[in-house]
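Structure first, commentary second.
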Amino acid sequence: MEKIVMIDEELCVGCGACVTLCPKKILYIQETSGKCKVSDELKCDRLRGCEKVCPVSAIKIA
């Protein structure tokens with residue numbers, strides 16, 4: 001299966017801007033790593049709002 005939501009954990013600063021914005025509520029900040037994760041990328045609306053709001057460009061939508 002091809003990835004839909006790609007998160008570069010090296011770039012992610014765990015600010016949560018994408019989590020707050022995501023209308024499908026599929027993004028979250030993992031407590032242990034402090035990085036953004038995806039719960040169910042098949043629910044992604046692919047509107048790329050998370051890409052636009054990420055201050056470090058850590059998220060890419062296929």
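The values are calculated or read from the model by the stated rules, or taken from the named source; none is laboratory data. All values reported here derive from a predicted model rather than from experimental measurement. Positions of Cβ are backbone-derived with ideal geometry, glycine not excepted, and every protein chain shown enters the neighbour counts.
Please indicate, with yes or no, whether at least one residue in the stretch 24-37 is touching a strand residue (DSSP E or B) at 6+ places or on another chain (Cβ under 7 Å) and small (Gly, Ala, Ser). No.
Of the residues making up the stretch 13-35, those that are touching a residue at least 24 places away in the same chain (Cβ under 8 Å), assigned to a loop (DSSP other than H, G, I, E, B) and surrounded by 15 or more Cβ atoms within 10 Å (Cβ to Cβ) are 15, 22, 35.
Would you say residue 38 is among the β-branched types (Val, Ile, Thr), surrounded by 16 or more Cβ atoms within 10 Å (Cβ to Cβ) and at pLDDT 95 or above? Against the criterion (among the β-branched types (Val, Ile, Thr), surrounded by 16 or more Cβ atoms within 10 Å (Cβ to Cβ) and at pLDDT 95 or above), residue 38 qualifies.
With the structure loaded, tell me whether residue 10 is part of a loop (DSSP other than H, G, I, E, B), loosely packed, with under 12 Cβ neighbours inside 10 Å and touching a residue at least 60 places away in the same chain (Cβ under 8 Å) or whether it fails that test. It is false that residue 10 is part of a loop (DSSP other than H, G, I, E, B), loosely packed, with under 12 Cβ neighbours inside 10 Å and touching a residue at least 60 places away in the same chain (Cβ under 8 Å).
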